[in-house]
Amino acid sequence: MKRIIAPKGTKDIFLPEIEKWQYIEEKIRGYFPRFLYKEIRTPIFEYSELFQRGIGTETEVVQKEMYTFKDKANRDLTLRPENTASVVRAAIENDLFNRVYPLRFFYIGPMFRYDKPQKGRFRQFHQFGVEVFGDESAQVDAEVIYSSYDFLKEINIKDIQLHLNSVGCENCRPKFLRDLEAEAEKKKNDLCIDCQRKIHTNPLRIFDCKNLKCIEISNDFPKIIDYLCEECGSHFEDVKSTLSIFKVKFDINSRLVRGLDYYTKTAFEISSNQLGAQDALLGGGRYNNLVKELGGADISGMGFAAGIERIILQLDDAKSKKGKMIFIAYQSLPLMNKAIQLAKSLWDKGYRAYVDYNSKNLKKQLKKANKIGIDYTFILGEDEIVTKSISIKNMKDYEQITIKQEELDKWLKNNI
């Protein structure tokens, strides 16, 4: 019978990698409430119209990447490719804009895009992010950016760079788009087929192209930052000055337009040199029209989304809040109950402990402890029972000590 495997672009997650996921999730839930964010969980699938209206029908996500299907009632549903539109829909539907204050949410969960699997990029991928509503100030933009940057530093992600831009608004962007379209049309025959298609549908997306020739050509195209109206220009200056107060370094990247249509004014990404071509760890920006576009009030928004898989690639192997693992080995079958009692006492105190109920041979137990990556093995033999002691073997260097049972709490505090 043919073996069934996981679909392309998905992966199974288990030890030891799963501990990095647990660590990140715990850090997210501990860090972002400092800024008064509250967790929100939205459905994994939504009506397709939500993403078509929210993200933009001409975006790469909607055009090529969404997992869309019909349900049994012939309704169009889509596995969520991103979560901002879902959070906005949830807030509108559940009247959260009138009941929750401040309007700040964070989320963690899987997203789905039909994309070419690459290092740190899967078709089922995971993001965490934040959304702030009802605050149009440049200062909140800078705070959101600061929190994302500081969080990466807190989990010890190194070599990160903040890229910043403004994509303007409905007042100043149209002239930029007209000039961009005109310049792109002049170079049309030199651009790739995909960029040629984008010229009259979504010219901003030309800046997303990874084709080296297209990048070189588009470097000479008009820059949105040169077209900002007075309001957008002032807003952008305030974002930069507030980031300086937060002591966050950044560079201005005029090519940074983000991949979704709902962005206005501030746009940003944080990247790492450790990830190669796909170097973005997280990104986001301001979206002042999305709530209204999806049927809600005229309320502004600001947020970011971070790729957990990409962050995992750079997370220190030692990062885990779970503590070290203890294997409790017993010399003979009559001592199994003593081992169980010791395990229970460790569990009750919050430590991770394991008893192998099947291996009655001490040598086999030690071999198994080594195989599954145990940190310490507690050994109970006849001598230990008589002397009310515990022998402890460090499974990394195989050094072994014996302590009195009454000294165990102190040893655990110093070593686990």
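All of the numbers you see were taken from the coordinates with simple rules; none came from a lab. Here the structure is a predicted model, which means the values were calculated and not measured. FYI the Cβ positions are ideal-geometry reconstructions off the backbone, even for glycines, and counts take in every protein chain you see.
Structure data summary
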| item | result |
| --- | --- |
| Whole-Å semi-axes of region 194-352's equivalent ellipsoid (Cα gyration tensor) | 51, 21, 17 |
| Within region 1-38, trypsin sites (Lys or Arg not before Pro) in DSSP loop having at most 11 other beta-carbon neighbours inside 10 Å | 2, 3, 8 |
| Reach of residue 371 by Cα under 20 Å, taken over aspartates and glutamates that are not fewer than 8 positions away in the same chain | 17, 19, 317, 356, 397, 399 |
| Whole-Å semi-axes of the ellipsoid equivalent to region 325-415 (Cα gyration tensor, √5λ, descending) | 17, 16, 13 |
| Rounded D (µm²/s) - the chain, Kirkwood Rh over Cα pairs, Stokes-Einstein at 10 °C, 1.306 mPa s | 64 |
| Partner aspartates and glutamates for residue 186 [C-alpha distance under 13 Å; skip if fewer than 8 residues away on the same chain] | 220 |
| Sparse-neighbourhood loop sites, chymotrypsin sites (Phe, Trp or Tyr not before Pro) in region 4-40 - DSSP loop, at most 15 other Cβ within 10 angstrom | 14 |
| Region 323-416: GluC sites (Glu not before Pro) in DSSP loop, at most 12 other beta carbons within 10 Å | 399 |
| Helix 173-186 axis, angle to the chain major axis (alpha carbon atoms, nearest 10°) | 80 |
| Among the listed pairs 368/413; 198/247; 20/364; 198/265, those beyond 31 Å (Cα-Cα) | 198/247 |
